[in-house]
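Colleague: What follows is a structure written as structure tokens; I'll ask about it next.
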Amino acid sequence: MKKPGLGILVKPVSGDCNMACDYCYYRPAKALYADVRAPRMAVQTAEAVCEQYLALGPARANIGWQGGEPTLMGLDFFRQVVEIERRHTRGDAVPANTLQTNGVALDDEWCRFLAGNDFLIGLSVDGPSELNATRRFANGKPAFGAAMRAMGLLKSYDAEFNVLVVISQANAQRPRRVFDFLVENDLHYAQVIPCTEPGASAGTVSEHSVTAAQYGDFMIALFEAWLENDDPSYYVRSIDNWLHLFFGLPAESCTHRQDCHNLLTIEWNGDVYPCDFFVEDRYRLGNVREQTLEQMLRGPAFRQFLREAESVPKPCTGCEWLRCCHAGCYRHRRKLGIGDDQRPYLCEGDKRIFGHVFRRLRETMDDPARPRLHAFLTHLGQAVAARLAQPLEGQPGPPPAPAGTQTEGGVDLGRNDPCPCGSGRKRKHCCGRVAQAPYGG
């Protein structure tokens, strides 16, 4: 069984953390292992995970280390992980490792290792100090200083990193201030996700969660700030995915994909779940010490999850934006107690976002008032159109980039170069693929 698009999220310390952020979505996972004070992954379990995953033949192996706070494992564990990966990898195709962290434990030794072994680090920070209040230590002390210290260290070692910004009630009213924070700190890679955690009763959300209207307002204002900045080198994952959809390409993020089967979550003891938003007993697929990942992927529990997650609620049928959102992330239905006869929680926000963003992208392509984004979008459109008109392999490359685009827009559209949309993949595996008709046409 080959799974070329499969990635895995590994939770080596489960929900254990050295901080106590109010909105943490993964804290409930600790209840599954309540009898274990400090869950830690054994090296033997890590080896089973890597061996079984790489045996599935992923085209580009991606292993994400998350938590809780994965640095609680200590640096020696990750040194051993790198050696394990090398033992189970053919040739030089070592898996791409990512590490999501709050930055508290990072020091010179950590950063030297992460940079030297090509880890992509995700650093959690929700904006400037006044908007970062939800991120704190157990004693109530704010965590902003720790995040900024870690950011400085990562930069000093030239480590590849992005920032993860959670939209909560703490920053939902200040989207432009969040974008300004990115620019002020030269943070060219960011991911923005909404806090939408379940409340005390079905159909409700926690006090820190945002409404669909707040989410729509925030993302539209963030997009407008990106447009005004006129610099495509500032990559925001949501905007990248909107660009994919605008040009008729599949979204990179699973949030807006039709399929829901390309990312497994593996807990500290080897338990496997279909998604890290569904780490519950009823969704457990098995354990790598007892079964292989291939057996679990073929098993009835995984197939049942896919049937439910990839279903389309009745109110979404016939919606003009269904081809873009595919009813959104399953957690915004099942986890919030929303049934198949109701709209997904963020539906109204998503519809407003798509309508606004696609209109504004068309305007930007037609109007050179923002020259760098105009050149960037125009050339992307030409490249996609060229690939729609001809097969990818064995055909001439796309038209040459417009003068000045290489330096001003950061665009390089060679087939084996990084895709200019910012996904991190080679262009031939991303925006260079044949796709359906674009909205921007």
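The values are calculated or read from the model by the stated rules, or taken from the named source; none is laboratory data. On a predicted model such as this, the values are computed, not experimentally measured, just so you know. We place every Cβ from the backbone using ideal geometry, glycine too, and count neighbours over all the protein chains shown. Only protein heavy atoms, including side chains, enter the accessible area calculation; ligands, DNA and RNA are left aside. Shrake-Rupley method; radii C 1.70, N 1.55, O 1.52, S 1.80 Å.
Colleague: With every protein chain present, what is the per residue accessible area of the stretch 1-63 (1.4 Å probe, Å²)? Can you show the working numbers first?
Modeller: Working: 2740 Å² over 63 residues.
Per-residue value: 43 Å².
Colleague: As I understand it, the value is the acute angle between the Cα axis of helix 347-366 and the longest principal axis of the Cα atoms of the chain; what does it come to in degrees, rounded to 10?
Modeller: Approximately 40 degrees, to the nearest ten.
Colleague: Name the long-range amide H neighbours of TYR189: under 5 Å, sequence gap of 5 or more, or other chain; modelled H, no Pro or chain starts.
Modeller: Under 5 Å from the amide H of TYR189: VAL163, TYR235.
Colleague: How much length is gained on full extension from ASP259 to THR89, taking 0.36 nm per residue of separation minus their Cα-Cα distance?
Modeller: Details: separation 170, 0.36 × 170 = 61.20 nm, distance 2.74 nm.
Net length gain for the segment: 58.5 nm.
Colleague: Tell me which GluC sites (Glu not before Pro) from the stretch 137-218 have a DSSP coil assignment and no more than 16 other beta carbons within 10 Å of their own. Spell out each step's value before the answer.
Modeller: On the way: sites: GLU160, GLU184, GLU207; in loops: GLU160, GLU207.
In loop regions of the stretch 137-218 (DSSP not H, G, I, E or B), the sparsely surrounded GluC sites (Glu not before Pro) are GLU160, GLU207.
Colleague: Where does helix 371-389 land angle-wise versus the long Cα axis of the chain, in degrees 0 to 90, nearest 10?
Modeller: The helix 371-389 is inclined about 90 degrees to the chain.
Colleague: Let me ask another. Looking at this model, which pairs from LYS314/LYS351; LYS30/LYS335; LYS3/LYS30 are more than 22 angstrom apart at the alpha-carbon? Spell out each step's value before the answer.
Modeller: Numbers: LYS314/LYS351 16 Å; LYS30/LYS335 17 Å; LYS3/LYS30 30 Å.
Listed pairs above 22 Å: LYS3/LYS30.
Colleague: Further question: Could you tell me what percent of the DSSP beta bridges with both partners in the chain are antiparallel, to the nearest 5?
Modeller: Working: 7 of 35 bridges.
So the antiparallel bridges in the chain amount to around 20 percent.
Colleague: Counting pairs of alpha carbon atoms under 8 Å apart in space and at least six apart in sequence, what relative contact order in percent does the chain give? List each step's numbers first, then the result.
Modeller: On the way: 778 pairs, mean separation 66.8, N = 441.
Relative CO of the chain lands at 15 percent.
Colleague: Now for a different question. So what is the accessible area of the stretch 81-201 per residue, in Å², with the probe set to 1.4 Å? Don't jump to the answer; show the numbers that get you there.
Modeller: Details: 5350 Å² over 121 residues.
Here the residues of the stretch 81-201 average 44 Å² of exposed surface.
Colleague: Something else now. Name the longest site-free stretch of the chain, where the excluded sites are trypsin sites (Lys or Arg not before Pro) in a DSSP loop with no more than 13 other beta-carbon atoms within 10 Å.
Modeller: On the way: sites that count: LYS2, ARG37, ARG90, ARG289.
Result for the longest clean stretch: 91-288.
Colleague: Quantify, in whole percent, the carbon and sulfur part of the accessible surface of the stretch 20-161 (1.4 Å probe; protein heavy atoms only).
Modeller: Values: 3110 of 6400 Å².
Whole-percent figure for carbon plus sulfur exposure: 49.
Colleague: Quick check: at a probe of 1.4 Å, how many percent of the accessible area of the stretch 336-389 sits on carbon and sulfur atoms?
Modeller: On the way: 1140 of 2320 Å².
Carbon plus sulfur share of accessible area: 49 percent.
Colleague: Also, I was wondering about something else. Ignoring any ligand, DNA or RNA, what whole percent of the accessible area of the stretch 254-308 comes from carbon and sulfur when the probe is 1.4 angstrom?
Modeller: Working: 1200 of 2570 Å².
Carbon and sulfur: 47 percent of the exposed surface of the stretch 254-308.
Colleague: Roughly how many Å² is the accessible area per residue of the stretch 304-346, as a whole number, for a 1.4 Å probe? Let's see the in-between values first.
Modeller: Working: 2080 Å² over 43 residues.
The answer is 48 Å² per residue.
Colleague: Mind jotting down the distance between the C-alpha centroids of the stretch 351-373 and the stretch 242-319, whole Å?
Modeller: 32
Colleague: To the nearest 10 degrees, how steep is helix 144-156 against the longest Cα principal axis of the chain, on a 0 to 90 scale?
Modeller: Rounded to the nearest ten degrees, it is 70.
Colleague: Convex hull over the alpha-carbon atoms of the chain: what's its volume per residue in Å³? It would help to have the intermediate numbers written out before the result.
Modeller: Values: hull volume 65.0 nm³, N = 441.
Per-residue hull volume (Cα only) is 147 Å³.
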